[in-house]
Amino acid sequence: MASMNLYSLVLVAVALVAAPMAAMAGDPDILTDFIQPTSMVGMPMNITGDYFTYTGFHPSPLPPLAFTLTKASMAEFPALNGQSVSYARLVFPPGTVNPTHTHPRASELLLVLDGALSVGFVDTASKLYTKDLVSGDMFVFPKGLVHYQYNQGTTTAVALSAFGSANAGTVSVPVTVFGTGVDDAVLAKSFKTDLPTIQKLKAALTPPKK
């Protein structure tokens, strides 16, 4: 329990530190109705409605055991290129969290489709805004600010997020701070803790080498 409390305190502290550093950017305007697929540039226009259709949000037949996020951004849905919009489908089994993170290029508008979620974000004045949401509620996370979503309930929650960019970007606060090779001594001094604590956090959050 003590380690969990420490972990929670560290995440909050990181959120407070990271919020003022969030980068702000946006999608450029385009001069055509839409952007033709790269593979078809220079060829006669032969695009059908299939190009503008995305089917990746169909529910899985098996409920997930961990938090899952399915994106419909420019990478997964090329027709969004130049349209300044994207979506994500989020599924939260009981007790799971979408950890503190930011979207540097877009605000996020979250709609709870099923279940309930506890959400929050931290502004550049280090003020925390929180709200408990139920099905049908919407919540906006301003662009670039650190935020999270958490299912404290006993049933699965499902949400849909809209972004004001075809490529909103995601920066995970825990992984960015503890999983990218920042010197242990720097982190220990920054969070006023000891090296073993930092090393324990790093061991849990460092992405596996590919």
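The values are calculated or read from the model by the stated rules, or taken from the named source; none is laboratory data. Predicted model, so just to flag it, every value in this text is computed and none were measured. Every residue, glycine as well, gets a Cβ built from its backbone with ideal geometry; the counts of neighbours run over all protein chains shown. With ligands, DNA and RNA removed, areas are computed over all heavy atoms of the protein, side chains included. Shrake-Rupley method; radii C 1.70, N 1.55, O 1.52, S 1.80 Å.
Applying the selection to segment 57-74, what residues are part of a loop (DSSP other than H, G, I, E, B), open to solvent by less than 100 Å² (accessible area, probe 1.4 Å), over 15 Å from Gln149 (Cβ atoms) and hydrophobic (A, V, I, L, M, F, W, C)?
Phe57, Met74
Scan segment 136-143 and tell me whether some residue there is touching a residue at least 60 places away in the same chain (Cβ under 8 Å) and either closer than 21 Å to Ser165 by Cα or among the hydroxyl-bearing types (Ser, Thr, Tyr) (or both).
yes
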